[in-house]
Amino acid sequence: MSGGAFPPRRDDGVATPEAPGATRGRVARDASRRHLQRVAAACSAADGLPPEAAAIRDQAMSELIAAVEQQDAFLDAAAHDLRNPLTAINGHVQLLQRRLRRAPDGDVAAVRVDEGLANIDVAVARLGALIDELLDRRHERGGA
């Protein structure tokens, strides 16, 4: 498969159904949770705090873990919801470009439409890359 295209494409340019990084969100979410749990365990093991303070700290860590999980779930859902229309747009662009190839040579209208479709294709690829970057940054933050 060729890299960098959105949606992913085989070498012959045909889009494939797989979403780049489909499991990346789950891996990052699990890594975030494990990291925060290790921090909480380290704090508990070395605390020496009065029981009330330790309970407050433990409650705060639990709330932090829940908030990170909620944020990660939102980002996963948002990325999925943003990719679906991009995939549909890209499919329509490809279909129209194939139809335009059948137009007679020198057809000015066909050339203009083809240029417009190429611009749409570039914009879709750019949006796909932005979604990937968003997920990559969350992935890096998660430590996985």
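The values are calculated or read from the model by the stated rules, or taken from the named source; none is laboratory data. In this text, all values refer to a predicted model and were calculated from it rather than measured experimentally. Counting neighbours? That spans all protein chains shown, and the Cβs are built from the backbone with ideal geometry, glycine included.
Run down 89, 131 and say which single residue is touching a residue at least 12 places away in the same chain (Cβ under 8 Å) and farther than 30 Å from residue 37 by Cβ. Lay out the reasoning, then the answer.
Working: 131 fails: farther than 30 Å from residue 37 by Cβ.
Among 89, 131, only 89 is touching a residue at least 12 places away in the same chain (Cβ under 8 Å) and farther than 30 Å from residue 37 by Cβ.
Looking only at residues in segment 61-87 that are among the small types (Gly, Ala, Ser) and surrounded by 12 or more Cβ atoms within 10 Å (Cβ to Cβ), which one is farthest from residue 116 (Cα to Cα)?
Taking segment 61-87 as the starting set, the residues that turn out to be among the small types (Gly, Ala, Ser) are 62, 66-67, 73, 77-79.
Restricting the remaining residues to those that are surrounded by 12 or more Cβ atoms within 10 Å (Cβ to Cβ) gives 62, 66, 73, 78-79.
On the way: 62: 51, 66: 45, 73: 36, 78: 27, 79: 26 Å.
That would be 62.
Quick one: how many residues across segment 115-135 are modelled with pLDDT under 90, of a type outside the set (Val, Ile, Thr) and in contact with a helix residue (DSSP H, G or I) (Cβ under 8 Å, 6 or more places away or on another chain)?
Number of matching residues: 2.
Only one of (1) touching a strand residue (DSSP E or B) at 6+ places or on another chain (Cβ under 7 Å); (2) assigned to a loop (DSSP other than H, G, I, E, B) fails for residue 105. Which number is that?
With (1) touching a strand residue (DSSP E or B) at 6+ places or on another chain (Cβ under 7 Å); (2) assigned to a loop (DSSP other than H, G, I, E, B) applied to residue 105, the lone miss is (1).
Let me confirm something: among 77, 125, 129, 67, which residue is of a type in the set (A, V, I, L, M) and over 16 Å from the mean Cα position of the chain (by Cα)? So that I can check it myself, show each step before the final result.
Details: 77 fails: over 16 Å from the mean Cα position of the chain (by Cα); 125 fails: over 16 Å from the mean Cα position of the chain (by Cα); 129 fails: over 16 Å from the mean Cα position of the chain (by Cα).
Step by step, each of 77, 125, 129, 67 is checked, and only 67 is of a type in the set (A, V, I, L, M) and over 16 Å from the mean Cα position of the chain (by Cα).
Assess whether residue 93 counts as being at pLDDT below 75, surrounded by 11 or more Cβ atoms within 10 Å (Cβ to Cβ) and in a helix (DSSP H, G or I).
Working: at pLDDT below 75: no; surrounded by 11 or more Cβ atoms within 10 Å (Cβ to Cβ): yes; in a helix (DSSP H, G or I): yes.
For residue 93, the condition - at pLDDT below 75, surrounded by 11 or more Cβ atoms within 10 Å (Cβ to Cβ) and in a helix (DSSP H, G or I) - is not met.
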